[in-house]
Amino acid sequence: MSNDFKDLTLKQASEMLARKEVSASELAQSAINRVKEVDSKLHAFLYLAEDRAAADAKLADDAIAQGEATVLTGIPYALKDNLLAKGLQATAASKILENYIAAYDATVVKKLSQSLPVLIGKTNLDEFAMGSSTENSAFGPTKNPYDLERVAGGSSGGSAAAVASGEVLFALGSDTGGSIRQPASFCGIVGLKPTYGRVSRYGAIALGSSLDQIGVFAKTVEDASFAFQSMAGQDAHDATTLPVPVPDYSSMLSEDIKGMKIGVPKEYFIDGMDPEAEEIVRDAIRKFESMGAHMEEMSLPHAKYSLACYYIILPVEISANLSRYDGIRYGLSVPGKNLEEVYYNSRSAGLGAEPKRRIMIGTYASSAGYFDAYYKKAKQAQALIRKDFTDAFQKYDILLTPTCPTPAFKLGEKVADPLSMYLADVFTVGLNIAGVPGISVPAGVTASGLPVGLQIVAGHFAESKLFHAGFAFEKAMNLNLRPKM
Ligand code: GLN
């Protein structure tokens with residue numbers, strides 16, 4: 001085991017803290033030093049929270065001294081900058097919220113705080129989490145730690161790059177259509193999108209409220225399960241969270257998957273998929289078979305409508321959710337002769353091209369005369385897609401698919417073509433449409449050294465199956481990917 005901070009897993013750091021080989025304050029300093037060493041190249045962070053980190057570390061060290069530590073105590077982590085932490089900025093990578101300071105902690109932050117991890121800073125994202133490359137950030141893109149000419153993925157590219165490069169030991173992101181799983185795949189780490197209703201969205205800056213979930217990035221499946229354990233559960237502040245008991249996820253981490261029933265949906269292997277990425281994913285699926293799982297090709301017949309359905313439902317929700325940024329209530333305000341001009345000037349100056357594009361699409365698709373043809377149709381398609389998944393989980397424990405059609409693409413490659421950017425999410429959006437959980441686990445690297453992820457899908461509230469299958473696969477592969485930086 002390497003004792004170099006950048007290579008540590010959460011679990012290893014936790015054991016070092018327990019053995020008093022390192023203090024939480026020293027670990028926090030190692031994280032900050034690593035950020036200072038590499039982040040001028042990566043731009044994973046929008047800003048550090050050094051005072052908060054020092055205060056958190058002190059609390060953690062006190063708890064360790066009192067013998068009250070849990071596995072997360074003293075562990076350095078980061079938050080995507082669309083999640084609120086009291087007293088810190090929360091920009092959502094938009095000019096319109098550039099000077100906004102959060103007035104309260106998101107429920108996930110509050111829940112995590114009970115275990116005393118150490119918040120290091122806030123990470124970069126596509127503006128309001130709209131995008132697949134972090135190039136839509138108003139503050140410049142995040143680079144991929146495996147190749148600085150490539151994107152880290154998005155929208156949670158900052159959180160993914162921060163974990164992959166060893167700046168922090170876990171990070172939170174949000175996933176509305178793939179924004180945790182896709183950057184996890186591009187950066188060679190684990191990324192979990194929970195069931196819709198498993199984790200509170202209170203204190204997350206809303207993108208598409210019926211699709212958004214907050215989830216976690218970590219180097220290993222086990223590390224992800226530790227962080228997730230402290231985030232999940234019903235919350236009085238989010239009426240869409242459900243009173244489903246939260247199991248002890250770490251007790252599900254077994255390497256034995258004999259007899260597990262696995263479906264491989266044929267719609268997830270499409271023309272135009274990168275052949276090398278496809279081969280890596282097919283090998284991964286064969287690995288499950290060799291471990292004793294029952295494999296079967298099957299069909300999710302409405303999967304092909306997922307992306308079209310998503311790009312109607314999501315923009316409609318965006319056009320409603322972003323109407324609050326009016327130059328009066330929050331953030332940037334640009335003066336005008338009357339109220340309408342204040343709205344116009346503030347939103348023109350404060351919002352980037354992608355939010356504007358989606359507000360227009362969403363307003364159009366939900367307006368009188370078009371509502372039936374677009375939004376209503378999309379909601380009907382959503383019911384069919386959801387049924388495909390619930391039917392599948394009558395028969396299978398999990399499904400296996402590629403996370404993305406390609407490895408990380410080059411910076412600038414897709415910015416001028418929104419449609420090709422939207423295609424990056426073709427395998428991930430269906431899960432958000434259906435509300436089911438998914439995890440991306442590293443499956444291999446291409447000849448040029450780019451990571452490729454495998455997506456594991458389970459039924460509603462069956463995250464434990466994701467952890468079980470992901471853990472067994474990870475142990476069998478023993479990849480332990482680390483970028484050379
Ligand atoms: N890339 C997708 C989009 O642009 C997903 C975004 C997300 O999950 N936040 O909508």
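The values are calculated or read from the model by the stated rules, or taken from the named source; none is laboratory data. Since the model is a prediction, treat every value here as computed from it, not as a measurement. When we count neighbours, we look across all protein chains shown, and the Cβ atoms used for this are built from the backbone with ideal geometry, even at glycine.
Output yes when any residue across region 221-238 is of a type in the set (G, A, S), in contact with a strand residue (DSSP E or B) (Cβ under 8 Å, 6 or more places away or on another chain) and within 16 Å of the ligand (Cβ to nearest atom), and no when none is.
no
Taking the options G215, G166, G197, name whichever one is free of Cβ contacts under 8 Å to residues at least 60 places away in the same chain, more than 9 Å from the ligand (Cβ to nearest atom) and either touching a Ser or Thr at 6+ places or on another chain (Cβ under 7 Å) or not aliphatic (A, V, I, L, M) (or both). Can you show your working first?
Details: G166 fails: free of Cβ contacts under 8 Å to residues at least 60 places away in the same chain; G197 fails: free of Cβ contacts under 8 Å to residues at least 60 places away in the same chain.
Being free of Cβ contacts under 8 Å to residues at least 60 places away in the same chain, more than 9 Å from the ligand (Cβ to nearest atom) and either touching a Ser or Thr at 6+ places or on another chain (Cβ under 7 Å) or not aliphatic (A, V, I, L, M) (or both) holds for just one of G215, G166, G197, which is G215.
Can you tell me which condition R357 does not meet? The list is (1) over 30 Å from A204 (Cα atoms); (2) under 24 Å from the mean Cα position of the chain (by Cα); (3) not polar (S, T, N, Q), and all the others hold.
All conditions pass for R357, except number (1).
Kindly provide the set of residues from region 330-369 that are surrounded by 19 or more Cβ atoms within 10 Å (Cβ to Cβ), hydroxyl-bearing (S, T, Y) and outside any loop (DSSP other than H, G, I, E, B), ordered by number.
Initial filter on region 330-369 (surrounded by 19 or more Cβ atoms within 10 Å (Cβ to Cβ)): 331-332, 346-347, 350-352, 354-355, 358-359, 362, 365-366.
Right, trim to hydroxyl-bearing (S, T, Y) and you get 346, 366.
Within region 330-369, just S346 meets the criteria.
Got a sec? Which of G272, G327 is at positive phi, buried (at least 22 other Cβ atoms within 10 Å of the Cβ) and over 22 Å from the mean Cα position of the chain (by Cα)? Can you show your working first?
Values: G272 fails: buried (at least 22 other Cβ atoms within 10 Å of the Cβ).
When all the criteria are applied, what remains is G327.
With the structure loaded, tell me whether E135 is within 13 Å of the ligand (Cβ to nearest atom) and either at pLDDT 95 or above or small (G, A, S) (or both) or whether it fails that test.
Working: within 13 Å of the ligand (Cβ to nearest atom): yes; either at pLDDT 95 or above or small (G, A, S) (or both): yes.
Yes: the conditions hold for E135.
Counting only residues that are in a loop (DSSP other than H, G, I, E, B) and in contact with a His (Cβ under 8 Å, 6 or more places away or on another chain), how many does region 147-195 have? Quick ask: steps written out before the conclusion?
Pass one, region 147-195, residues in a loop (DSSP other than H, G, I, E, B): 152-156, 165-169, 176-180, 188-189, 194-195.
Filter once more, keeping what is in contact with a His (Cβ under 8 Å, 6 or more places away or on another chain): 195.
Number of matching residues: 1.
Looking at region 394-422 only, could you name the residues that are buried (at least 20 other Cβ atoms within 10 Å of the Cβ) and assigned to a helix (DSSP H, G or I)?
Across region 394-422, the qualifying residue is only M421.
Show the residue pairs meeting these rules: Cβ distance below 6 Å; 6+ apart or different chains; first residue within region 305-316 and under 16 Å from Y364 (Cβ atoms); second residue more than 10 Å from the ligand (Cβ to nearest atom) and not in a helix (DSSP H, G or I).
V316/S366
List the residue pairs whose Cβ atoms are under 6 Å apart, where the first residue sits in region 233-247 and is outside any loop (DSSP other than H, G, I, E, B), the second is of a type in the set (K, R) and surrounded by 13 or more Cβ atoms within 10 Å (Cβ to Cβ), and the two are 6 or more positions apart or on different chains.
Taking only residues 6 or more apart or on different chains, the pairs are D238/R201.
Look at G435 and say whether it is modelled with pLDDT of 95 or more, farther than 22 Å from E167 by Cα, within 15 Å of the ligand (Cβ to nearest atom) and among the small types (G, A, S). So that I can check it myself, show each step before the final result.
Working: modelled with pLDDT of 95 or more: yes; farther than 22 Å from E167 by Cα: yes; within 15 Å of the ligand (Cβ to nearest atom): yes; among the small types (G, A, S): yes.
Yes, satisfied.
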